[in-house]
Amino acid sequence: MARWRKIGLLFDISKILNRPEWFFEYTQAPNVVDMGDFLRIYFSTRGRRDTSGNYVSLSTFVDLKSIEPLVIKEVSFDPILDLGEPGCFDEHGIYPISVLRETNRFLGVYGGWSRCESVPFDVAIGLASSVDGRKFSKHGTGPILAANEMEPFVIGSPKLRFFKDKYYLTYIAGREWTIENGRPEIYYKLRMASSENCIEWKRFDKDIIADRIGPREAQACGDIFEKNGNFHMWFCFRNHVDFRENRINSYRIGYARSENLIDWERMDIELGLDVSETGWDSQSVSYPNVFSFRDQIYMLYLGNHIGRNGFGIAKLSGELE
Amino acid sequence: MKWQNRGLIFDVTPQKNEMNRFFYAQGPQPIDLGEVIRVYFSSRVRDVNGKFLSKVNWVEFESISHKPLRISEREVIALGELGTYDEHGIFPFNVIQYDSRFIGYVSGWSRRSSVSVTTSIGVAIGNSDGTYFEKRAKGPCLTASANEPFLIGDPNVKYLEGEFHMWYIFGIKWSKTADSGYERTYRIGHAISHDGVTWQRPSEGIQIIPALNDLEAQAMPSVIQLERNLYFMVFCYRNTFGFRENHEKAYKLGAAISSDLIQWERNDNLVAFDSNSWSNEMACYPNLLEKEDKILLYMNGNSFGLNGFGMIEIEKETLVSNAKL
């Protein structure tokens, strides 16, 4: 049976010197693109908080020549996408971004954030493309996937894949905002959609992953990996409330398997990832991205405080069924 | 040719009547119930933070004298829950009668932190007599898209030629003002649907009515069919800036005609009327109703409907012959 072996913190933000202001803290939601002779990892980072406690997320990348041992080729100090104009869905943040490399272009789907009054934020999903994968331009000033009747708000955490003859998107849709100790808290569910052209999406209109810790389980980051015609998904989930500091309620990484991309069987026990006893990922593990590099399957993931220190890596020992 | 001004038929002037229940009566939206015309409108209440919420009410008029007969007594449609598109108001509320049902189109408001607000459109289903509505779902049926980035509102739905048509507005720009606020510019768009719920935007991001200048904001389109291959639209327009205090830049009525529901020819003269005290500074939020041999146009006048709404009317024959000139 296969299992994950943790290697440790791979990318430590504190070791990246002379970072620009917008690249102050956090490396969140890593997503790998195979560039042939090197690996590009897109991630999102935050600038300093302003006097109101607000911050802005932007996305960038690091190129690796090798994972074991870690050899960094370049860390980009230029954000791959600019924030939207006033009133646009991505005015206050671009987080996360998932990039698909095609023959002549890179396609990116991203969560665009805008701040609200009664709740802290709303999110919708935008599309962008790039020739070199370094600087992206947006498809329109608005989102390609936003709220609809059954998905009323917070459409985010997108991951883009191409299988057989279609694009697939995993994403989250907010289900409910509740007030907890005077503060709005949200839970969201993993959803999927498919598309011929990456612009017009047909939604599956269902929750794709069964709840494990109750109806208010919050799920995010559905990361699909294909192996021998089977589909494996890693994702993260947490309790609806008290998840920021409380180890019990914080994020864990779950696992589900599917043969058709529509019906998923959740099997966290088999290949999920739990927190460590001590160290950088002892409180929470989240935002998985699974990829194959030089015949080895790896998972990038975030540890305590959802990526404040950087992101870590585990590798699979044994074969995926 | 001018429309005849029937005056402020629903007067909610704050100082005038202590019993007045309504603060503002905005965006009048009439439906024809035979001997009675019911007009849905939005009025304002303050929330716990002292900010305005727009809520829907209705008033029924005797259809010949246009005297008010009856006013809604309970909540007509609830605002949305925390975080939803219509949490902070419904304005306007466009009601149609289709297949012996009442369907309401919600223009829902939700506050933002940099710009003041965004809007999206949702669907509600009425009870048997259309006095009360419930939303189909928590979320909207039409919201921001790649080429219509924000402020999707002011729905006007008509079932014509075997399809549902919706005219609505979409925002094109939020412009910074001298005092670090933002003002919005929007234009009129068109969507079609087979079921009244799932909408296609064949002309997404393309305004269907030409603007007189770049700063023109167009709102509240309302379309009726005058005869075969002749459609009439009214709307209102204002400048992006200075429209609250400067009469020159305030809302005025605009009009356009079309033979195919795709190409529209603007001709604001088709909605000329003699304004008087209630409508001499501003004319906005129009909505059309054909009744017998007349076309009635319900609208707000000065101060965006603070004092209520009024009506202007014209013989249909006169309008048709002018539209064909």
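Only the coordinates and a few stated rules stand behind these numbers; no lab work does. Just so it is clear, the structure is predicted and the values come from calculations on it, not from any experiment. Backbone-built Cβ (ideal geometry, glycine too); neighbour counts: all protein chains shown.
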Through the Karplus equation 6.51 cos²θ - 1.76 cosθ + 1.60, θ set to phi - 60°, convert the phi angles of the range B:267-279 into ³J(HN,Hα) values in whole Hz; use x for Gly and Pro. 8, 5, 5, 5, 10, 5, 8, 7, 7, 9, 3, 7, 9
Rounded to the nearest 0.05, what FRET efficiency is calculated for A:ILE179 and B:TYR182 with R0 set to 30 Å and r the Cβ-Cβ distance? 0.60
Highest mean packing first, using Cβ neighbours within 10 angstrom, the peptides A:303-309, B:74-80 sort as A:303-309, B:74-80
Calculated P(r) tail over 48 Å for the protein assembly as shown, as whole % of Cα pairs: 23
The range B:277-325 and the range A:185-209: distance between their alpha carbon centers, rounded to Å: 45
Normalised by the number of residues in chain A, what is the relative contact order in percent for Cα pairs under 8 Å and 6+ residues apart? 16
Extension gain (nm, one decimal) between B:TYR159 and B:LEU306, 0.36 nm per residue minus Cα-Cα: 49.8 nm
Simple SL model, points at 7 angstrom along Cα→Cβ for B:LYS51 and A:ASN260; separation in nm is 4.6
Using a ≥ b ≥ c from the Cα gyration tensor of the range A:73-176 (square roots of the eigenvalues), is it rounded, prolate or oblate, where a/c under 1.5 gives rounded and otherwise the larger of a/b and b/c decides, a/b for prolate? oblate
For B:HIS247 and B:THR198, FRET efficiency with R0 = 41 Å and r from the beta-carbon atoms, rounded to 0.05? 0.45
Over its alpha-carbon atoms, the range A:20-133 yields an Rg and a Dmax in Å of 14.9, 48
Between A:GLU321 and A:ASP205, 0.36 nm times their residue separation minus their Cα-Cα distance comes to what? 38.9 nm
Which FRET efficiency value, to the nearest 0.05, do you get for A:PHE293 and B:ASN267 by plugging their Cβ-Cβ distance into 1/(1 + (r/R0)^6) with R0 = 51 Å? 0.20
Work out the length of the dipole vector of the range B:135-250 about its Cα centre, built from +1 on the beta-carbon of each Lys and Arg and -1 on the beta-carbon of each Asp and Glu, and round it to the nearest 20 debye. 320
Short version: ³J(HN,Hα) in whole Hz for each residue of the range A:197-211, in order, from phi by Karplus 6.51 cos²θ - 1.76 cosθ + 1.60 (θ = phi - 60°), x for Gly and Pro, what are they? 10, 6, 10, 9, 10, 9, 7, 6, 6, 8, 6, 8, 10, 5, 5
For a quick check of your reading of the filter: which chymotrypsin sites (Phe, Trp or Tyr not before Pro) in the range B:35-130 sit in a DSSP loop and have no more than 10 other Cβ atoms within 10 Å? none
Please compute, for peptide B:77-84, the average count of beta-carbon atoms on other protein chains lying within 10 Å of each residue's beta-carbon. 5
Below 8 Å, C-alpha to C-alpha, sequence gap of six or more: please give me the relative contact order for the range B:4-323 in percent. 16
Separation of the range A:8-74 and the range B:40-85 by C-alpha centroid, Å? 51
Distance between the C-alpha centers of the range A:254-295 and the range B:181-242? Whole Å please. 48
